Amino acid sequence: MTTLIYLIPVALFLGALGLGGFLWALRSGQYEDLDGAAERILIDRDDPHEMTSRSN
Amino acid sequence: MSCCAPGAEMALDISDVASVPPSSNEIKLASRSLGSDIHQTDLSVPTVHCAACIRTIETALAKLENVESVRVNLSTKRVSIRWHGGDVPPFFAGLGRLGYKAHLFDPELHEKDQTLAGLIRAVAVTGFAAGNIMLLSVSVWSGAEGPTRDLFHWVSALIAIPALAFAGGIYFRSAANALRHGRMNMDVPIAVGVSLAYAMSLYETINHGAHAYFDASVSLLFFLLIGRTLDHMMRERARTAVNGLSRLAARGAVVLGADGARDYLPIGEIEPGMQLLIAAGERIPVDGDILGGSSDLDCSLVSGESIPGTASVGTHVQAGTLNLTGPLTMEATAAAKDSFLAEMVRLMEAAEGGRSRYRRIADRVSALYAPVVHLAALLTFLGWMAASGDWHRSMTTAIAVLIITCPCALGLAVPIVQVVAARRLFEAGVMVKDGSAMERLAAIDRAVFDKTGTLTLGRPRLVNAPSIDPVMLAIAADMAAHSRHPFSQAIAAHGGFRGRLGSVHEEPGFGIEATADGSTWRLGRRGWAGWKARTGAEGKKGGYGGTVLSKDGRIVAAFAFEDTTRPDAKAAVEKLKDAGVSVEMLSGDTAKACGEVARTLGISNFVPALLPSGKVEWIETLSRAGHKVLMVGDGLNDTPALGAAHVSIAPATAADVGRKAADFVFLRDSLLALPLALDISRKAGRLIHQNIAIAIVYNAFAVPIAISGHVTPLIAAIAMSASSLAVIANAMRLQGVVKPASQGVGLRQRRADLSEAARS
């Protein structure tokens with residue numbers, strides 16, 4: 001019973017961590033081009049010219 | 001690179017609309033400054049569609065001088081370029097060499113979609129809260145008792161607070177807004193149900209009660225938010241794609257000052273009386289009179305006339321007309337806000353009444369549903385009070401009724417079907433602006449077509465090529481390759497370009513002159529090329545038969561043109577007739593041109609030479625007679641009619657305002673997109689009705705159980721989820737029923753192309 005005192009906050013904290021991660025990813029524009037993200041894994045990134053920074 | 005071949009998916013032919021890249025002045029005007037000398041320019045590149053495109057564009061543009069970074073956004077088909085320095089890097093030329101047509105994108109439209117971000121955040125927060133509360137609830141249902149149960153309830157209450165405050169706000173605000181205006185919408189029962197459930201659960205928790213409804217109130221919000229997010233994403237995606245296509249209105253023009261200075265001014269600052277310089281290939285920005293120069297004008301998007309007209313000193317020109325062959329000086333006679341284009345927008349807004357009266361199925365259902373739900377809950381409360389006198393028990397049961405009837409499935413029923421249908425249409429090259437457009441399309445019984453640019457491509461085709469001497473045709477094609485005039489382009493398509501001509505030059509408004517083997521060749525109007533007089537008899541012999549090739553003044557070949565009908569136009573008209581829709585044609589073009597097209601396509605009713613207001617009147621007459629009219633049109637002159645019709649479709653080549661006024665935009669040349677859209681809309685309509693029926697049947701079973709007081713939170717949760725899942729599963733049936741469009745390269749094909757590209 002007393003373990004719940006620790007376990008519930010720990011579970012909530014971990015969940016909140018995941019939620020925070022998602023919100024951070026959303027804010028930093030990771031979901032702005034889902035189609036592009038799906039295609040980009042096919043591009044080889046050998047050329048330094050291509051390492052362009054993300055806009056916005 | 002196989003997937004980048006011409007004609008591949010989403011390859012739009014909008015060459016007519018913007019054949020000349022914007023000047024660097026115009027690019028500067030459309031860029032925004034990011035501080036410290038860095039500018040960002042956003043281009044819309046509708047043909048980008050795969051990994052190879054992304055790679056090609058990003059590598060090539062990043063190599064240009066002064067370019068800081070390039071990023072392709074595949075979802076919105078946009079390229080953002082950051083650059084520094086005073087000179088604009090040549091992106092348009094770069095993209096053109098790679099084979100991509102690009103258009104400037106309006107900076108004020110380029111805002112992140114805040115609503116969508118807010119909705120996704122709300123889904124995330126409610127999802128997190130619902131998951132955790134559900135875990136705690138399962139523990140309670142499994143037999144947690146006494147202080148443990150109270151602890152779990154308290155923790156649930158704490159988790160629910162941020163979810164309700166953050167995500168519930170969307171519904172509370174909407175409900176409050178509806179109530180303030182004396183209306184009822186779906187959000188009212190949701191807001192009341194959720195907040196009552198929370199308040200009651202809190203009361204239960206404080207008094208160590210056995211049941212709490214935190215899980216119900218939060219998971220209800222979660223499901224509803226999913227539906228709302230899907231609905232929003234669908235509309236937003238189509239809207240950005242439509243906005244991203246090329247524009248009709250010029251962004252600005254070169255103004256000639258009194259002291260001879262040339263300034264590039266944005267269109268809003270151009271006033272009547274100013275003198276403007278219009279280069280060949282630019283669009284006329286405002287209405288005005290020509291002061292100097294002569295040229296051919298393409299009015300097809302403005303008036304629907306398929307043959308380019310000539311312009312010389314004194315001609316009045318309308319905004320949006322494309323200047324084809326020679327530079328012009330003109331005097332503005334109206335500001336941009338008073339131009340023909342602005343008048344069309346006003347006419348359209350005035351005509352849109354019929355559409356704004358339309359209420360979406362979901363709204364109509366909820367207008368009936370919400371009062372019934374509240375009444376049922378109230379009656380339950382009163383009934384239990386009368387029967388037992390226990391207000392606590394009565395309240396609990398009433399809330400259970402409110403929650404179990406909460407339109408969770410109903411909230412998902414409509415958007416989920418519309419999203420699936422919109423996706424199917426998108427793959428077939430049709431973009432849907434709004435879910436209600438599909439509901440309206442499903443109801444039509446009349447289709448009204450514009451001619452130029454809609455039933456026809458607005459691109460002339462040489463019809464007598466076989467009867468022309470091949471040598472003469474080849475020479476004419478060589479000459480025609482130097483001009484932008486639509487007739488020249490039609491002739492040029494027939495030639496092998498040997499390029500042995502000397503001193504080619506274009507006489508704007510007349511034709512092309514060149515020398516070869518010591519002779520002077522002219523390709524153009526009969527009266528001019530035939531040497532007799534510069535502005536001689538072409539008025540009589542004008543039209544399709546008026547273009548000739550002459551050698552030293554002697555006519556050696558005559559060319560006849562015909563406007564090409566859109567591929568599958570006949571098949572599309574037949575399919576519409578089979579679907580029970582009668583077809584008519586309205587046009588601003590001449591009766592002769594209309595008659596030919598109508599005969600070819602098997603359309604018996606047509607009205608030629610209509611003014612924009614005439615088209616609107618025609619549609620309004622039909623509407624008053626009880627018909628539901630579909631308008632298909634592309635020109636600026638069709639825009640008011642697009643607004644007046646029950647539902648409207650425009651091709652991607654349409655005028656900018658036309659595309660904005662239309663409910664659907666089809667991206668490919670084939671007109672088969674129309675019967676396909678009608679078919680999918682009708683199927684979607686059936687599925688929506690089925691879904692609403694499922695939701696109502698579910699309530700018919702659930703409500704009596706709730707009223708009798710036998711609903712535990714577990715039953716409520718299971719029932720709610722089950723009804724939502726049934727609705728989603730039903731919507732997914734749409735995926736299978738429609739065959740991919742015959743010429744459309746489907747998603748599967750695209751994936752296959754892609755993996756091939758990856759291997760090679």
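The number of residues in the stretch B:66-83 that are within 14 Å of chain A (Cβ to nearest Cβ) and farther than 29 Å from A:ALA38 by Cβ comes to 0.
Report, by residue number, each residue of the stretch B:602-661 that is among the aromatic types (Phe, Trp, Tyr) and assigned to a helix (DSSP H, G or I). Matches in the stretch B:602-661: B:TRP618 only.
Can you name the residue in the stretch A:19-36 that is in a helix (DSSP H, G or I) and exposed (fewer than 14 other Cβ atoms within 10 Å of the Cβ) and, of all such residues, is nearest to the other protein chains (Cβ to nearest Cβ)? Among those residues, the one meeting the criterion is A:LEU34. Looking only at residues of the stretch B:443-462 that are assigned to a helix (DSSP H, G or I) and of a type in the set (Ser, Thr, Tyr), we find that the one that is farthest from the chain's Cα centre (by Cα) is B:THR452. Consider B:ASN699 carefully, then state whether it is open to solvent by less than 20 Å² (accessible area, probe 1.4 Å), out of contact with any Cys (no Cβ under 6 Å at 6 or more places or on another chain), assigned to a helix (DSSP H, G or I) and at pLDDT below 80. Yes, satisfied.
Look through the stretch B:255-279, keep the residues that are without any contact (Cβ under 8 Å) to a residue 12 or more places away in the chain and under 30 Å from B:GLU506 (Cβ atoms), and return whichever of them is surrounded by the fewest Cβ atoms within 10 Å (Cβ to Cβ). Ranking the qualifying residues of the stretch B:255-279, first place goes to B:GLY260.
Taking the stretch B:106-219 as the region of interest, the helices (runs of 4 or more DSSP H) fully inside it that hold 3 or more residues being away from chain A (no Cβ under 14 Å) and surrounded by fewer than 21 Cβ atoms within 10 Å (Cβ to Cβ) are B:168-180, B:187-206. It is to be established whether one or more residues within the stretch B:445-462 are surrounded by fewer than 16 Cβ atoms within 10 Å (Cβ to Cβ) and out of contact with any helix residue (DSSP H, G or I) (no Cβ under 8 Å at 6 or more places or on another chain). Checked the stretch B:445-462: at least one residue is surrounded by fewer than 16 Cβ atoms within 10 Å (Cβ to Cβ) and out of contact with any helix residue (DSSP H, G or I) (no Cβ under 8 Å at 6 or more places or on another chain).
The values are calculated or read from the model by the stated rules, or taken from the named source; none is laboratory data. None of the values given here were measured: they were computed from a predicted structure. Because the Cβ atoms are built from the backbone with ideal geometry, glycine has one as well, and the counts that use them run over all protein chains shown. Remember, those area values only see protein heavy atoms, side chains included, never the ligands or the DNA or RNA. Shrake-Rupley method; radii C 1.70, N 1.55, O 1.52, S 1.80 Å.
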